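Novice: I have a structure I would like to understand better, so I am pasting it below and will then ask my questions one at a time.
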Amino acid sequence: MKKIAAIALVVLGLGWNASAQTLISNQSLVHDSTDVTVSFEVMTDVKELKSNRKEVIKPYLYNGADTLWFDTIEVYGKDRYKRERQTHHINGDKDWELGENQVMKGDVFFYTSQVPLKRWMTAANLGVRRQLVGCACEEDLQEENLASAVPLFVEPELPARRMPEYVLAEATRAWDFGQDELEVIFKVSKIDIDTTLFDNRETFAKILNAVDKIYSDPRYKIEKIEVFGYASPEGPRQFNKWLGENRAKALIDYIIAQRPQYNLTRDNFQIVNGDENWSGLHKVLADSEIDNRDTLLAIIDRTDLTNNQKKNEIRALDNGKTWTRLIREIYPRLRSSKYVSVYYDSSNDHAIQTINEANEMIRQGNYAEAMAHVEPVKDDARAHNTLGVALMMQGKFEEAMPWFEKAREFNCEKAAANMQAIQLEYEFEEQQRKAREEFLKRYE
């Protein structure tokens, strides 16, 4: 947060109180980042101030119950000065003379004094309290207001919410057959198809039926079949990447071999290497009752750890007992390849055009218009990132995050990037709040 060092000069008009003995004029307030300085002229050559009297003037700033006093001014009549000088001499102070802000009647006195700038001085009032010494009214104090509601201290405002860089996801034509149902499981460290594992046989039948359905329906034109490959997060990272890719290839080769009538080749497929299946592990653990579940989920969610560091954190739990249980009970389900989606061309998929039109509105800065445009298809998973971006760019981070969460559940990497951008803005805003608090503490 930038240091505030504003300087304000307030020049006020002539001030006069009919009951006052001296005349104050040309008053001004000057403030910087540290102090407030008041200055004015005191016309002392007035007949109302008798020779045997002294006028005491006490300037002060106030706002509500808060008050700060400036240095006092004393204006002496000639006889009053003599009397006080005699008194000082009698008391042993033979060198007594008028000090700072003590003046004799008969001249114009230029007064200046400072007090520290305080937070409460957002609308300060300048007043003086007058007292005549040497007459029957000595105890009667007269108040005079010289200026009202002068803005001296300006509280720094938090900067306007910054709008992060966004990433849009264009809607593509995809038929999602269900990631959870169509999942092929592999043996540990293996890439060979095994129909006897878990529900593999039933899964293969669903995959082939889905391919048949697509190729038998004239409404659809196949562009690409997307296959994800995963490894459980237990072995070396490089080996797991190899496992994930080759498990996806094994499923592709199986589909090609089982459906020769469609003349499929590997060019009809797109391999997405899911690498180590941390997202799958998170989902399985969230639905489980395993010991240390919350601790495990917290480790997986940490963005400051690499995958290897996460493994080491998990291995350290319970002297390795939790890790052993994961290998035995959880990881077998994570060694998989998934028949995820088939891209197709269908004139019935109106959501694609709507979503992409909304994306273009966002690029042009029409965020509210984009939200209204995509509203009819907001339940389409492909629209979730678009809705999140439209909200994010209106500064509605809290409303945007759930849409990005939904988009990420459908493997939208761009949603994860947008969430990270918002998180960085949250951190920036927190830094600004702390800087503002530290600044204000200096003026308590």
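The values are calculated or read from the model by the stated rules, or taken from the named source; none is laboratory data. On a predicted model such as this, the values are computed, not experimentally measured, just so you know. Because the Cβ atoms are built from the backbone with ideal geometry, glycine has one as well, and the counts that use them run over all protein chains shown.
Novice: Is at least one residue of the range 341-359 crowded, with 18+ Cβ neighbours inside 10 Å, outside any helix (DSSP H, G or I) and small (G, A, S)?
Specialist: Yes, the range 341-359 contains a residue that is crowded, with 18+ Cβ neighbours inside 10 Å, outside any helix (DSSP H, G or I) and small (G, A, S).
Novice: Could you check the range 400-429 and list, in sequence order, the residues that are within 30 Å of A286 (Cα to Cα) and surrounded by fewer than 15 Cβ atoms within 10 Å (Cβ to Cβ)? Steps first, answer last, please.
Specialist: Looking only at the range 400-429, we keep the residues that are within 30 Å of A286 (Cα to Cα), and these are 400-427.
The answer is P402, E405, E409, E413, Q420, Q423, L424, Y426, E427.
Novice: Among the residues of the range 382-402, write down those that are without any contact (Cβ under 8 Å) to a residue 40 or more places away in the chain and either under 17 Å from N356 (Cβ atoms) or among the basic types (K, R) (or both).
Specialist: Matches in the range 382-402: H384, L387, G388, A390, K396.
Novice: What do you reckon, is E405 in a helix (DSSP H, G or I) and free of Cβ contacts under 8 Å to residues at least 60 places away in the same chain? Break it down stepwise before answering.
Specialist: Values: in a helix (DSSP H, G or I): yes; free of Cβ contacts under 8 Å to residues at least 60 places away in the same chain: yes.
Yes; evaluated as a whole, the condition is true for this residue.
Novice: Is it the case, given these coordinates, that K338 is in contact with a Gly (Cβ under 9 Å, 6 or more places away or on another chain), of a type in the set (D, E, K, R) and modelled with pLDDT under 90?
Specialist: For K338, the condition - in contact with a Gly (Cβ under 9 Å, 6 or more places away or on another chain), of a type in the set (D, E, K, R) and modelled with pLDDT under 90 - is met.
Novice: So for the range 102-118 (the condition being in contact with a Leu (Cβ under 8 Å, 6 or more places away or on another chain), assigned to a strand (DSSP E or B), over 23 Å from N52 (Cα atoms) and not aromatic (F, W, Y)), does at least one residue qualify?
Specialist: Step one: filter the range 102-118 for residues in contact with a Leu (Cβ under 8 Å, 6 or more places away or on another chain), giving 104-105, 115-118.
Filter again for assigned to a strand (DSSP E or B), leaving 104, 115-116.
Next cut, over 23 Å from N52 (Cα atoms) only: 115-116.
From the residues that got through so far, the ones that are not aromatic (F, W, Y) too are 115-116.
Scanning the range 102-118 turns up at least one residue that is in contact with a Leu (Cβ under 8 Å, 6 or more places away or on another chain), assigned to a strand (DSSP E or B), over 23 Å from N52 (Cα atoms) and not aromatic (F, W, Y).
Novice: Pick out the one residue from V42, V56, V38 that is in contact with a Pro (Cβ under 7 Å, 6 or more places away or on another chain) and not aromatic (F, W, Y).
Specialist: Values: V42 fails: in contact with a Pro (Cβ under 7 Å, 6 or more places away or on another chain); V56 fails: in contact with a Pro (Cβ under 7 Å, 6 or more places away or on another chain).
Exactly one residue qualifies, and that residue is V38.
Novice: If you don't mind, there's one more thing I want to ask. Is it the case that the range 108-117 has a residue that's among the hydroxyl-bearing types (S, T, Y), closer than 26 Å to L29 by Cβ, surrounded by fewer than 15 Cβ atoms within 10 Å (Cβ to Cβ) and touching a residue at least 60 places away in the same chain (Cβ under 8 Å)?
Specialist: There is at least one residue in the range 108-117 that is among the hydroxyl-bearing types (S, T, Y), closer than 26 Å to L29 by Cβ, surrounded by fewer than 15 Cβ atoms within 10 Å (Cβ to Cβ) and touching a residue at least 60 places away in the same chain (Cβ under 8 Å).
Novice: Anything in the range 60-82 that is of a type in the set (G, A, S) and more than 10 Å from N125 (Cβ to Cβ)? List them, or say none.
Specialist: Across the range 60-82, the qualifying residues are A65, G77.
Novice: Give the range 250-264 a look and list any residue that's closer than 14 Å to D212 by Cα and of a type outside the set (S, T, Y), or say none.
Specialist: Once the filter is applied, which keeps residues that are closer than 14 Å to D212 by Cα and of a type outside the set (S, T, Y), the range 250-264 yields I255, I256, A257, Q258, R259, P260, Q261, N263, L264.
Novice: Within the range 193-213, can you find the residues that are closer than 14 Å to A257 by Cα and in a loop (DSSP other than H, G, I, E, B)?
Specialist: Across the range 193-213, the qualifying residue is only I193.
Novice: Does R129 satisfy being in a strand (DSSP E or B), of a type in the set (K, R) and under 27 Å from I24 (Cβ atoms)?
Specialist: Spelling it out, R129 is indeed in a strand (DSSP E or B), of a type in the set (K, R) and under 27 Å from I24 (Cβ atoms).
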